[in-house]
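Working notes for the structure below.
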Amino acid sequence: MKKLVIFVIGLALSACGTSSVASGSAGPTSTTLPHVGGVVRVAYAGSLVGAMVNEIAPAFQSASGVRFEGLPGGSTALVNQIKSGTEPFDVFISASPQANDALMGAANGNYASWYAALGTSPLVIGYNPSSHFAKALLRGPWYQVMAEPGFALGRTDPALDPKGALVIKLLEQQAQQVHDPKLVQDVLGGSENPSQVFPEETLVARLQTGQLDAGFFYANEARQAKIPTIPTGIDLGASFTVTVLAGAKDISQAVAFVNFLYSPAGSKILRYVGVEPSRPIVTGSSAKIPKGVKL
């Protein structure tokens, strides 16, 4: 079972090991929030881990005095973690609106009653510039290069992470465009191909250490990791959402965190890390939004 990642100003324990929170970040980090103190526990999409560790968590802690504890992972996997009850969470940030559906309604335990749009980031192909396939990827077409023998491709589990499902959708749409019914199989070798499917929070490191020639990422995570990218040519990507979970133990801290995300400073940070802020359109019961949340 994964453990909560506790962020303290100056030090962070990431899902991949120990890493320092940026102390001299170039991103905007100031805003005016009530000094709340306490702790907030956030389950959030693993594609945001760099942004959360380096920018969002430190800025929020500095502004509010609230200690941030987070668990990154595939959005669908996090839903299962929330419903298991093994860890207490106050806030859930998903990379796909549909992931929230499994938390809503009596049949799903009423873990959430609403969620709001937070931001978007396109699906891109990140590549290792040292790979001997790098020049071929830049020349393209990328899907033909990925189908070549020996190409090491990385992606996430479509059963646990919306990005993994988007990759399959991308290849299916590409196959239709080029009229090649074998394209999906040639590139992916099956939806659950164990030679390609890895946990979302480890994919960046695998690419950077040369274990992979390329992988599918959201633009924001590639930007944070300084991974060079090429576009897919098809408009698919993350649609991040946020909700305060029903029964949140630290409701004041959860409200402060959500308000920070939607504040002018929070929006600037989102843009800085590669997430385009969305209008906070609410799905579900607006009446169940905690008092004090400013959308």
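No lab work stands behind these numbers, since they all come straight from the coordinates. The shown structure was predicted, so the numbers you read here are calculated from the model rather than taken from an experiment. Quick reminder, even Gly has a Cβ in these numbers, built from the backbone with ideal geometry, and neighbours come from all protein chains shown.
Among DSSP bridges having both ends in region 122-237, what percentage is antiparallel? Round to the nearest 5. The partial results should precede the final answer.
Working: 9 of 12 bridges.
The antiparallel proportion sits near 75 percent.
Once you have the Cα-Cα distance between Lys294 and Arg279, take 0.36 nm times their residue separation minus that, and quote the gain in nm to one decimal. Walk me through the intermediate numbers first.
Working: separation 15, 0.36 × 15 = 5.40 nm, distance 1.22 nm.
Separation in residues times 0.36 nm, less the Cα-Cα distance, equals 4.2 nm.
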Ser195/Ser286 FRET efficiency (R0 35 Å; Cβ-Cβ; nearest 0.05):
0.15
Percent of Cα-Cα pairs per 5 Å bin, from 0 to the last occupied bin, for region 122-237, please list those.
2, 12, 25, 28, 23, 8, 2, 0
With each label point set 7 Å from Cα along the Cα-Cβ vector, what nm distance links Ala107 and Lys249?
3.1 nm
Return one number: the angle in degrees, 0 to 90 and rounded to the nearest 10, between the long axis of the Cα atoms of helix 162-178 and the longest principal axis of the Cα atoms of the chain.
40 degrees
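First measure r as the distance between the Cβ atoms of Gln173 and Ser130, then evaluate 1/(1 + (r/R0)^6) with R0 = 30 Å and state the FRET efficiency to the nearest 0.05.
Numbers: r = 30 Å, r/R0 = 1.00.
FRET efficiency, Gln173 to Ser130: 0.50.
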Sorted by chain and number, the residues with a modelled amide H under 5 Å from that of Ala152, at a separation of 5 or more or across chains, are Asp213, Ala214
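Provide the three semi-axes, in whole Å and in decreasing order, of the ellipsoid equivalent to the chain as defined by the square roots of 5 times the Cα gyration tensor eigenvalues. Before the final figure, lay out the partial values.
Numbers: eigenvalues 220, 89, 54 Å².
For the chain, the ellipsoid semi-axes come out as 33, 21, 16 Å.
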Could you tell me the extents of region 194-295's C-alpha atoms along the three principal axes, largest first, rounded to whole Å?
48, 27, 23
Can you work out ³J(HN,Hα) from phi for every residue in region 111-126, in order, using Karplus 6.51 cos²θ - 1.76 cosθ + 1.60 and θ = phi - 60°, giving whole Hz and x for Gly and Pro?
6, 9, 10, 7, 8, 10, 5, 10, x, 10, 7, x, 7, 9, 9, x
For region 286-295, Karplus-derived ³J(HN,Hα) couplings (6.51, -1.76, 1.60; θ = phi - 60°; whole Hz; x for glycine and proline) come out as 4, 5, 8, 5, x, 4, x, 6, 10, 9
For a quick check: with amide H placed at 1.01 Å from N, whose amide H comes under 5 Å from Gly70's, ignoring anything fewer than 5 positions away on the same chain?
Val5, Ile6, Phe7, Val42
Counting other C-beta atoms within 10 Å, which of Thr76, Thr120, Thr209, Thr202 has the fewest, and how do the rest follow?
Thr209, Thr202, Thr120, Thr76
Step through the residues of region 225-238 one at a time and calculate ³J(HN,Hα) from phi using the Karplus curve (6.51 cos²θ - 1.76 cosθ + 1.60, θ = phi - 60°), rounding each to whole Hz and writing x for Gly and Pro.
8, 6, 8, x, 9, 10, x, 7, x, 10, 7, 9, x, 7
